[in-house]
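Participant: One structure, as structure tokens, below. Some questions next.
The values are calculated or read from the model by the stated rules, or taken from the named source; none is laboratory data. Everything numeric here is computed off the predicted structure, so don't read it as measured data. Because the Cβ atoms are built from the backbone with ideal geometry, glycine has one as well, and the counts that use them run over all protein chains shown. Heavy atoms of the whole protein, side chains included, go into the accessibility calculation; ligands, DNA and RNA do not. Shrake-Rupley method; radii C 1.70, N 1.55, O 1.52, S 1.80 Å.
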Amino acid sequence: MNVLQNVGIGSAINRVDGLQKVTGRARYAAEHPVPGLLHGVIVSGAIPKGRIVTLEDSEARAVPGVVEVLSHKNRPHVAWFDRSHKDMVAPPGSPFKALYDDKILFSGQPIALVIAESFEVARYAASLVRASYEVEPHNTDFHKAQAERFMPSKKRDTYHPPKNRGDADAAFAAAPVKVSAEYHLATEHHNPMEMHASTVVWEGDGSLTVFDKTQGPQNVRDYLAGVFGMSASTIRVMNPFVGGAFGSGLRPQYQVYLAVMAARMLQRSVRVVMTRQQMFTHGHRPEALQSVQLGAERDGTMTAIRNSATTSTSRYENNMEDVVIWGMMNYACENAAGEYAIAPVDTATSTDMRAPGAATGMTFFEMAVDELAYAAGIDPLEFRLKNYSETDQMNGTPFTSKALREAYAEGAEAFGWSRRSQAPRSMKEGRELVGWGVATGMWDAMFSKTSASARLSANGHLEVASAASDIGTGTYTVMTQAAADTLGLPVEQIAVRLGDSSLPKAPVEGGSWMAASVGAAVQLACRSVAEKLLSAAAKMQNSPLAGASMEAVRFSGGRIALRDDPARGVAITEVMRASGTDVIAVEETASAGISGMISQMRKSRNTHSAIFVEVRVDEELGVVRVTRVVNAVAAGRIINPKTARSQILGGVVMGISMALHEESMTDHRYGRFMNHNYAEYHVPVNADIHDIQVIFVDEPDPEVTPLGVKGLGEIGIVGTAAAVANAIFHATGKRVRALPITIDKLVDDTVAP
Amino acid sequence: MSDVAPISIAFAAMPITLTINGHERRLSVEPWVTLLDLLREREDLTGSKKGCDHGQCGACTVLVDGRRMNSCLKLAVSLDGASITTIEGLAEGDRLDPLQQAFMDHDAFQCGYCTPGQICSAKGLLNEGRARTRDEVREMMSGNLCRCGAYTNIVDAVMQVLESRGQIKEAAE
Ligand code: FES
Ligand code: FES
């Protein structure tokens, strides 16, 4: 007898692609072998703005092994119109077109691609390309850019403007307790471990197979088709494994454009890999300034919210984020006003990075809430509970579910919050000041139309497929579990295909919608297979399932059996054999609107979290250690507690990083990010990360998405940095309002009483 | 610039012998080729990853004569006669190295890109026999970045293997 392990939705199975990852067999974009491959190395421009006057490539061309040097002087034709260069998530504006002409829009802009028979020869030759420039005045100082702050007439389609209520100005003026603070977030770069890379396989007939580092293979395919005037059917984009992205792979990056351009020109296969330095020459989390003014009664009842923010964009595209809405949605407060605009700097266009908008806006709002709680003399957790709202205060709609109260309670319990003393600097231990902070996180629970196919073979082997991506988020595993759940097959009999533009249509992997969306699509497809199986089973001679409805049967252990009498059933392989079926193949599409999702407009859909953080601050050295984190998350149904926990851990680590480490530093004279490497752009190492506890609060929500799943990719980072900053205040008595909170900002006067 | 000789004339490829994952390989390599690029581009051993090419991330960690090293910082020609173990060489047939199994069981990765380097680094750490506590593992695994933030799970995985080998020191210090 073997006991059947439940592998369906809700079980903590190991990541199904784990074996490939721990054995080195998982191949990423730059790792697909191609005979006769050429290597392209990108030459980056040296000025932030102006024009290329001369570009000297004869020395590079003279190096044996160099095949071509591509630049604006000799590039093949690409589409003229901006709209042909727009990818499906591009913000309004005029997209950057590499090597298009002599114009320089940002420092590090690619100005040439050296293509050679070996990587080393290409790299050496690239160092011999010389350019001279005509330099134009530029500005990369975001504070100066405030003078050019504006609201574009054409907004990004994902943008949600704040909706004001009451009279925030009057309420703020009248409030007996108030805080007013300005916050600043440094530019951050995603820096996934895998650098952006593309291997373009020239298939001989003019068609291309492109292995690309992307979060959306169909987005890249359609983009390339537009840029190069190709039919989408002649381009197949593959991303079976993606070495992290966090948003940097939402839009096609310039290496794929350059690699395809070179492959088409030379009619050969080409690989282009960015250097780590070049990873600082495209999208980044926008720099941000936020001003938060909050008012309350003496008893801590919030009466006024004024929330205003600016984020950076480039001169050629208008990237926008939802920065100011979060606090306005989350808190019970009769008067609230939000205001948001963008300001251009001469860099590449900013782009979505993990929890875009919320990671910035909710963090600063939650830092301000902490200030207000202290101004009112109330415990910051109690303060949040006092102003708790069951409904979405900004939109005036109920939530499909909001178990934030439970998250606060379970998080506080696990953390031991009740043992906290309110006064700053009151919990010293040895040389270290101890601080405990709390904050709230919030993100959207989104759903995006997605298709999936399912194909059951006579031997009981199932393949499910969708053009979704797995950027470390666990999509392979989610799809496997959704299929296992519906058809009751063991994991070994289920194969998942994704990361291939030729598969059924799926959106880009982002916004935390993938699990809910592709999970629902797989479930639909498998359900359709199940229906076909049942009807075939019912037709078998002396079938125990004759006349049974879908509701009356259970698919489990490779069998279909009556729910009421599990002994009566048939094996799936038996059904296939008896009905003479070789294969059952279906494709289904899950779109918003199915199963209880009609309320999309009438209800708000959000994930929530409560984050508790302990820091220890060395008073003399200003060194901060985040020694304990408890993140309690209310995110509906959890498909796989193991991989779900990892997503939250990753978000928390990036939140700690946002609070303490990450900062792309610009030398404004050159308009360039100077710390463009892993040694100087700090991300946490293992020694920086201590205990992190993740709690998933029970939150049944059949309404939010078909599977009741809300998604987890972003929520882990939102609010985490605020909890760290608030804990640092509790430890030191010092409010640092510019992230990251580096040692210099703390030693400044921590020692002085 | 006329005094710069064409590179292919100035330096010919040099013969070296490496034992890679137990197989002896006689190779002809230009002196500017790193061990990492040799493995990835010429030996089709792409398990070793490139995350920076500057010795800053640890994604390229392999074992050279049993010691962990950043292969992006090693010129292949300087390793003539050495024995290299990459992630592809850790398992014996279908039998995974205990670290590989522990990484899977503890979900010690997400995207998996840093994983081969983490595992090789952990293998080197075990060989060194120095780390005996969680804090020591955290410290001595800090040359391997994980942008997905799997650190706590990585420590859990390494600790499990340390424990099974009896290399653990009781927490009380
Ligand atoms: S690639 Fe060698 S240390 Fe980063
Ligand atoms: S698992 Fe993605 S970088 Fe470590």
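Participant: Leaving ligands, DNA and RNA out of it, report the carbon-plus-sulfur percent of the accessible area of chain B at a 1.4 Å probe.
Facilitator: Answer for chain B: carbon and sulfur cover 49 percent of the accessible area.
Participant: Convex hull volume of the Cα atoms in the stretch B:98-164, per residue, in Å³?
Facilitator: Considering the Cα atoms of the stretch B:98-164, their hull volume per residue is 70 Å³.
Participant: Find the sum over both chains of the accessible area lost when A and B are paired, probe 1.4 Å, and report it in Å² to the nearest 100. All intermediate terms of the calculation are to be shown ahead of the outcome.
Facilitator: On the way: alone 27990 and 9650 Å², together 32860 Å².
It comes to approximately 4800 Å² buried between A and B.
Participant: In whole angstrom, note down how far apart the Cα centers of the stretch A:1-80 and the stretch A:203-234 are.
Facilitator: The distance from the Cα centre of the stretch A:1-80 to that of the stretch A:203-234 comes to 14 Å.
Participant: Using a basic spin-label model with each label point 7 Å from the Cα along Cα→Cβ, how many nm lie between B:THR19 and A:GLN267?
Facilitator: With each label point 7 Å from Cα toward Cβ, the separation is 4.8 nm.
Participant: Leaving out ligands and nucleic acids, note down the accessible area per residue over the stretch B:14-89 with a 1.4 angstrom probe, in whole Å². Mind showing how you got there, number by number?
Facilitator: Numbers: 2920 Å² over 76 residues.
Per-residue value: 38 Å².
Participant: Need one number: nm distance between label points at B:ALA12 and A:LYS73, each 7 Å from Cα along Cα→Cβ, rounded to one decimal.
Facilitator: The answer from the label model is 3.5 nm.
Participant: Could you compute how fast the stretch B:1-130 diffuses translationally, taking Rh as the Kirkwood radius over C-alpha pairs and applying Stokes-Einstein at 37 °C with viscosity 0.692 mPa s? Give it in µm² per second.
Facilitator: Estimated diffusion coefficient is 211 µm²/s.
Participant: So who's got an amide H within less than 5 Å of the one on A:ALA131, skipping anything under 5 residues away but keeping other chains? H placed 1.01 Å off N, in plane.
Facilitator: HN-HN under 5 Å from A:ALA131: A:GLU56.
Participant: Looking at the square roots a ≥ b ≥ c of the eigenvalues of the Cα gyration tensor of chain A, which shape do they give, rounded for a/c under 1.5, prolate if a/b is larger than b/c, or oblate? Write down the numbers at each step before the final one.
Facilitator: Numbers: a/c = 1.87, a/b = 1.06, b/c = 1.76.
In terms of gyration-tensor shape, oblate.
Participant: Could you pull out every one of the lysines with an alpha carbon less than 20 Å from that of B:LYS169, ignoring same-chain neighbours closer than 8 positions?
Facilitator: Result set, ordered by chain and number: B:LYS123.
Participant: Kindly write out, for the stretch A:310-320 in residue order, the coupling ³J(HN,Hα) from the Karplus curve 6.51 cos²θ - 1.76 cosθ + 1.60 (θ = phi - 60°), rounded to whole Hz, with x marking Gly and Pro.
Facilitator: 10, 10, 8, 9, 8, 7, 10, 9, 10, 7, 10
Participant: Kindly write out, for the stretch A:120-125 in residue order, the coupling ³J(HN,Hα) from the Karplus curve 6.51 cos²θ - 1.76 cosθ + 1.60 (θ = phi - 60°), rounded to whole Hz, with x marking Gly and Pro.
Facilitator: Values per residue, Gly and Pro as x: 5, 5, 5, 5, 5, 4 Hz.
Participant: Show the residues, 5+ positions off or on another chain, whose built amide H is closer than 5 Å to the amide H of A:GLU136.
Facilitator: The list, which skips near neighbours in sequence, is A:LYS49, A:GLY50, A:ARG51.
Participant: Right, next: Sequence gap at least 6, Cα distance under 8 Å: using those rules, report the relative contact order of chain A to the nearest whole percent. All intermediate terms of the calculation are to be shown ahead of the outcome.
Facilitator: Details: 1932 pairs, mean separation 123.6, N = 753.
It comes to 16 percent, rounded to a whole number.
Participant: Go through the stretch A:378-444 and name the GluC sites (Glu not before Pro) that are in a DSSP coil and have 16 or fewer other Cβ atoms within 10 Å of their Cβ.
Facilitator: For GluC sites (Glu not before Pro) across the stretch A:378-444 that sit outside H, G, I, E and B with at most 16 neighbouring Cβ atoms in 10 Å, the list reads A:GLU390.
Participant: Could you grab the relative contact order for the stretch B:14-89? Cα pairs under 8 Å, six or more apart, rounded to a whole percent.
Facilitator: On the way: 150 pairs, mean separation 30.0, N = 76.
About 39 percent, as a whole number.
Participant: Report the Rg/Rh value for the stretch A:438-586, based on alpha-carbon coordinates and the Kirkwood definition of Rh.
Facilitator: Taking Rg over the Kirkwood Rh, I get 1.06.
Participant: What shape does the stretch A:496-571 take by its C-alpha gyration tensor, where a ≥ b ≥ c are the square roots of the eigenvalues and a/c under 1.5 counts as rounded, a/b above b/c as prolate, and the rest as oblate?
Facilitator: Prolate is the answer for the stretch A:496-571, as a/c is 1.5 or above and a/b outweighs b/c.
Participant: Output the 0 to 90 degree angle, nearest 10, between the alpha-carbon long axis of helix B:115-128 and the longest principal axis computed from the alpha carbons of chain B.
Facilitator: Tilt relative to chain B: about 70 degrees.
Participant: Near the amide H of B:ILE20, under 5 Å away, which other amide H atoms are found, from residues 5 or more places off or on another chain, if H is placed in the peptide plane?
Facilitator: Distant-sequence amide H within range of B:ILE20: B:ARG25, B:ILE84.
Participant: Going by a 1.4 Å probe on protein heavy atoms, which residues of the stretch A:176-194 end up with at least 20 Å² less accessible surface in the whole assembly than in their chain alone?
Facilitator: A:MET193, A:GLU194
Participant: Debye calculation, C-alpha points only, no solvent: report log10 I(q)/I(0) for the stretch B:14-89 at q = 0.18, 0.19 Å⁻¹, in the same order as the q values.
Facilitator: -0.60, -0.67
Participant: Next up: Accessible surface of A:GLU120 in the full protein assembly, 1.4 angstrom probe, to the nearest 10 Å²?
Facilitator: 10
Participant: Now a separate question. Quick check on chain A: helices-only [θ] at 222 nm, where DSSP H runs of length 4 and up contribute -39,500 (n - 2.57) each and the sum goes over total residues. Nearest 500, please.
Facilitator: The per-residue figure over chain A is -7000 deg cm²/dmol.
Participant: Once you order the gyration tensor axes a ≥ b ≥ c over the Cα atoms, which shape class does the stretch A:370-448 get: rounded for a/c under 1.5, otherwise prolate or oblate by comparing a/b with b/c?
Facilitator: prolate
Participant: I'd like the carbon and sulfur percentage of the solvent accessible area for chain A, probe radius 1.4 Å, heavy atoms only, ligands and nucleic acids excluded.
Facilitator: Carbon and sulfur together cover 51 percent of it.
Participant: Across the stretch A:571-588, in residue order, what do the Karplus-derived ³J(HN,Hα) couplings come to in whole Hz, using 6.51 cos²θ - 1.76 cosθ + 1.60 with θ = phi - 60° and x for Gly and Pro?
Facilitator: 6, 4, 5, 5, 4, 4, 5, 4, 8, x, 9, 7, 7, 10, 10, 9, 9, 9
Participant: What spacing in nm lies between the two simple spin-label points modelled at A:ALA592 and A:SER207, each 7 Å away from Cα in the Cβ direction?
Facilitator: 3.5
Participant: Over the whole of A:678-690, what's the average partner chain Cβ count within 10 Å per residue? Rounded to a whole number, please. Could you put the intermediate results ahead of the total?
Facilitator: On the way: counts 10, 5, 1, 1, 0, 5, 6, 11, 17, 9, 3, 9, 6.
If you average over the peptide's residues, the count of other-chain Cβ atoms is 6.
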